[in-house]
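Novice: Dropping the structure in here first, questions after.
The values are calculated or read from the model by the stated rules, or taken from the named source; none is laboratory data. Since the model is a prediction, treat every value here as computed from it, not as a measurement. When we count neighbours, we look across all protein chains shown, and the Cβ atoms used for this are built from the backbone with ideal geometry, even at glycine.
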Amino acid sequence: MITIALSKGRIFEETLPLLQAAGIRPTEDPEPSRKLILSTNRPDVRLIIVRASDVPTYVQYGAADLGIAGKDVLDEHGGIGLYQPLDLNIARCRMMVAVRNEFDYDSAVRQGARLRVATKYVQTAREHFAAKGVHVDLIKLYGSMELAPLVGLSDAIVDLVSSGNTLKANHLKAVENISAISSRLVVNQASLKLKHSTIQPMLDIFSKAVTQ
Ligand code: PRT
Ligand code: MG
């Protein structure tokens, strides 16, 4: 049995065509069914539905053989025990620094002010500002980062941006592009060895099906 961990929403949706290319079709839609284990048309393949940030953990411990997770999530997790053979080029967005429209970020940085930065991506933010030599106090949030600068919790946020509509709707502007983000296939290292004859052909098909 091959178990693939993925999250509902955009990753599930954008993964379906790749699974399809490998002849894998879930027998149910996870949104209405609320089931956490989905069978597929292939008796030897099942999908498990987990929180996006939990995907690397399930794969690391071998509870799933394969997983699909954003680079944002993998960077925070650290990638221990995970083989990352393939950028699937799906669920693309950018990791950015954003502030209120009227906040003068450049001069705050120039003057060496200590910035308060709210984010779910503490590791990514720490590395980014350390590399720039900017002193920051990091405030860990679990969602809706865009609110933090509006109510004075922080000066800046580090968050994902795709269309930019959320920033715009909340009178925020992006001031730095930290990195380009897309979702990656991750494989448990022991599974790759023990189930090589099943997993390797899947990797080959996924890699051909990826659109660049
Ligand atoms: O939602 P939940 O708390 O369960 O978990 P999650 O937010 O980690 O999962 P999910 O399913 O929302 O996102 C899964 C993955 O999709 C992320 O790990 C990213 O790799 C990727 N992705 C791609 C995004 C976005 N685009 C994105 N726009 N994840 C989140 N967003 C959010 C962003 O945080 C911001 O709040 O959408 C908002 C901005 O979108 P725009 O279009 O208004 O700019
Ligand atoms: Mg989300």
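Novice: Just need a number here: residues in segment 18-63 that are more than 16 Å from ligand 1 (Cβ to nearest atom) and among the aliphatic types (A, V, I, L, M).
Specialist: Residues meeting the conditions: 8.
Novice: Can you tell me which residue in segment 10-34 is farthest from ligand 2 (Cβ to nearest atom), limited to those that are farther than 24 Å from residue 204 by Cβ and modelled with pLDDT under 95?
Specialist: Filtering segment 10-34 for residues that are farther than 24 Å from residue 204 by Cβ and modelled with pLDDT under 95, the one farthest from ligand 2 (Cβ to nearest atom) comes out as 28.
Novice: Within segment 55-112, how many residues turn out to be assigned to a strand (DSSP E or B) and within 22 Å of residue 191 (Cβ to Cβ)?
Specialist: Adding up the residues that qualify gives 11.
Novice: Confirm whether residue 205 is more than 16 Å from ligand 2 (Cβ to nearest atom), surrounded by fewer than 17 Cβ atoms within 10 Å (Cβ to Cβ), more than 21 Å from the chain's Cα centre (by Cα) and within 28 Å of residue 12 (Cα to Cα).
Specialist: For residue 205, the condition - more than 16 Å from ligand 2 (Cβ to nearest atom), surrounded by fewer than 17 Cβ atoms within 10 Å (Cβ to Cβ), more than 21 Å from the chain's Cα centre (by Cα) and within 28 Å of residue 12 (Cα to Cα) - is met.
Novice: Continuing with the same structure: Here is a check on your reading of the model: is residue 163 at positive phi and either within 16 Å of ligand 2 (Cβ to nearest atom) or in a helix (DSSP H, G or I) (or both)?
Specialist: No.
Novice: OK, next. Of all the residues that make up segment 175-191, how many are under 21 Å from residue 70 (Cβ atoms), among the aliphatic types (A, V, I, L, M) and either crowded, with 16+ Cβ neighbours inside 10 Å or within 16 Å of ligand 2 (Cβ to nearest atom) (or both)?
Specialist: Number of matching residues: 5.
Novice: Give segment 130-150 a look and list any residue that's more than 16 Å from ligand 2 (Cβ to nearest atom), among the aliphatic types (A, V, I, L, M) and either closer than 22 Å to residue 51 by Cα or without any contact (Cβ under 8 Å) to a residue 12 or more places away in the chain (or both), or say none.
Specialist: 130, 131, 139
Novice: I would also like to ask the following. Could you grab the pairs with beta carbons closer than 6 Å, sequence gap of 6+ or different chains, first residue in segment 8-36 and outside the structural domain of residue 206 (by TED's automatic domain parsing) and more than 15 Å from residue 50 (Cβ to Cβ), second one more than 16 Å from ligand 2 (Cβ to nearest atom) and assigned to a helix (DSSP H, G or I)?
Specialist: Hits for this filter: zero, empty list.
Novice: Follow-up question, since we're still on this one. Do we have residue 175 as farther than 18 Å from residue 123 by Cβ, touching a Cys at 6+ places or on another chain (Cβ under 8 Å) and not hydroxyl-bearing (Ser, Thr, Tyr) here?
Specialist: So residue 175 fails the test.
Novice: If you don't mind, there's one more thing I want to ask. In segment 1-11, what count of residues is obtained for those that are within 14 Å of ligand 1 (Cβ to nearest atom) and over 12 Å from residue 70 (Cα atoms)?
Specialist: Going through segment 1-11 one residue at a time, the tally reaches 3.
Novice: Return a yes/no flag: does segment 41-51 have any residue that is surrounded by 16 or more Cβ atoms within 10 Å (Cβ to Cβ), in contact (Cβ under 8 Å) with a residue 40 or more places away in the chain and not β-branched (Val, Ile, Thr).
Specialist: Yes, segment 41-51 contains at least one residue that is surrounded by 16 or more Cβ atoms within 10 Å (Cβ to Cβ), in contact (Cβ under 8 Å) with a residue 40 or more places away in the chain and not β-branched (Val, Ile, Thr).
Novice: Do the conditions hold for residue 152, that is, is it in a loop (DSSP other than H, G, I, E, B), modelled with pLDDT of 95 or more and over 18 Å from residue 95 (Cβ atoms)?
Specialist: yes
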